[in-house]
1. Report yes if some residue within the range 48-62 is closer than 27 Å to Ala161 by Cα, among the hydroxyl-bearing types (Ser, Thr, Tyr) and touching a His at 6+ places or on another chain (Cβ under 7 Å); otherwise report no.
2. Of all residues in the range 165-191, which are of a type in the set (Gly, Ala, Ser) and under 16 Å from His118 (Cβ atoms)?
3. Filter the range 65-105 for residues that are among the acidic types (Asp, Glu) and in contact with a helix residue (DSSP H, G or I) (Cβ under 7 Å, 6 or more places away or on another chain) and give the result.
4. Tell me, yes or no, whether the range 50-58 has at least one residue that is in a loop (DSSP other than H, G, I, E, B) and over 18 Å from the mean Cα position of the chain (by Cα).
5. Test of understanding: among Asp104, Asp139, which residue is modelled with pLDDT under 85 and among the charged types (D, E, K, R)?
6. Which one of these is in a helix (DSSP H, G or I) and either farther than 18 Å from Ile124 by Cα or charged (D, E, K, R) (or both): Lys30, Lys5?
7. Kindly check whether there is at least one residue in the range 34-45 that is at pLDDT below 85, of a type outside the set (A, V, I, L, M) and not in a loop (DSSP other than H, G, I, E, B).
Amino acid sequence: MNEQKYEDQWFEMDKTTYDWSLRAFRTLKKMLKVNIKLHGGSDKIQQGSIFLFNHFSRIETFIPQYLIHETTGDYCWSIASSEFFDDDSILSTYLKKLGVVPHDHQRLFPLLAKQILHGQKIIIFPEGGMVKDHRVIDDSGGFQMFDQMSGVIRKQHTGAAVLAQGIEAFKATVRNAYRKKNVSKLRYWQETLEFEN
């Protein structure tokens, strides 16, 4: 029998740590005199639930959360490589407090879906690593990714789309159960997803 790498339930985001991190990032931005802008209306950001970013360096993994919070006041969960959770280090504890979930968590989909259903935002770096060469389109206009670890060209990952479609399918199932007055199923989902009503 395979032993689970992580607890089924993940940690709750620690908003005090998150707010402290936002202040630290804001201070660093001012000290370095860096001008970072988020283009697109705040209404689109407010309406969105899943945001995809590619990054070229590790520090860029903190920028989207900062920009979204500055624009909307919303907190964001995100996914990171499991290598950051291999031991019980200060970094892994800090990431857990920020609402970061390892990419190989056995319940990644339900954990993220629950956060979205509760109105939280999710940030996904869909290629699972840094896009060092900045190339995502081949010479014929098709999408591609060069995987630096394996040295192979591959298709883009589709986990974010699967998550979005899965949530929409679940919402349709809930509406159907409501129409059919299937109270036991609705109560089960209410308890499982920790909704008050």
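The values are calculated or read from the model by the stated rules, or taken from the named source; none is laboratory data. Note that the structure is predicted; figures quoted are calculated from it, not measured. Glycine gets a Cβ as well: all are built from the backbone with ideal geometry, and neighbour counts include every protein chain shown.
1. We begin by selecting, within the range 48-62, every residue closer than 27 Å to Ala161 by Cα; these are 48-62.
If we keep only those that are among the hydroxyl-bearing types (Ser, Thr, Tyr) as well, we get 49, 57, 61.
Okay, now just the ones that are also touching a His at 6+ places or on another chain (Cβ under 7 Å), so 61.
Yes, there is a match, as at least one residue in the range 48-62 is closer than 27 Å to Ala161 by Cα, among the hydroxyl-bearing types (Ser, Thr, Tyr) and touching a His at 6+ places or on another chain (Cβ under 7 Å).
2. Residues of the range 165-191 that are of a type in the set (Gly, Ala, Ser), as a first pass: 166, 169, 172, 177, 184.
The one that is of a type in the set (Gly, Ala, Ser) and under 16 Å from His118 (Cβ atoms): Gly166.
3. Within the range 65-105, Asp74, Asp104 meet the criteria.
4. Residues of the range 50-58 that are in a loop (DSSP other than H, G, I, E, B), as a first pass: 53-57.
Subset that is over 18 Å from the mean Cα position of the chain (by Cα): none.
Among the residues of the range 50-58, not one is in a loop (DSSP other than H, G, I, E, B) and over 18 Å from the mean Cα position of the chain (by Cα), which makes the answer no.
5. Numbers: Asp104 fails: modelled with pLDDT under 85.
Just one listed residue meets the conditions, Asp139.
6. Working: Lys5 fails: in a helix (DSSP H, G or I).
Going through Lys30, Lys5 in turn, the sole match is Lys30.
7. Yes, the conditions are met somewhere in the range 34-45.
Condition check ((1) of a type in the set (Phe, Trp, Tyr); (2) exposed (fewer than 11 other Cβ atoms within 10 Å of the Cβ); (3) modelled with pLDDT under 90) across all residues:
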{"site": "His118", "(1), (2), (3)": "no, yes, no"}
{"site": "Glu127", "(1), (2), (3)": "no, no, yes"}
{"site": "Val152", "(1), (2), (3)": "no, yes, yes"}
{"site": "Ala160", "(1), (2), (3)": "no, no, yes"}
{"site": "Ala169", "(1), (2), (3)": "no, yes, no"}
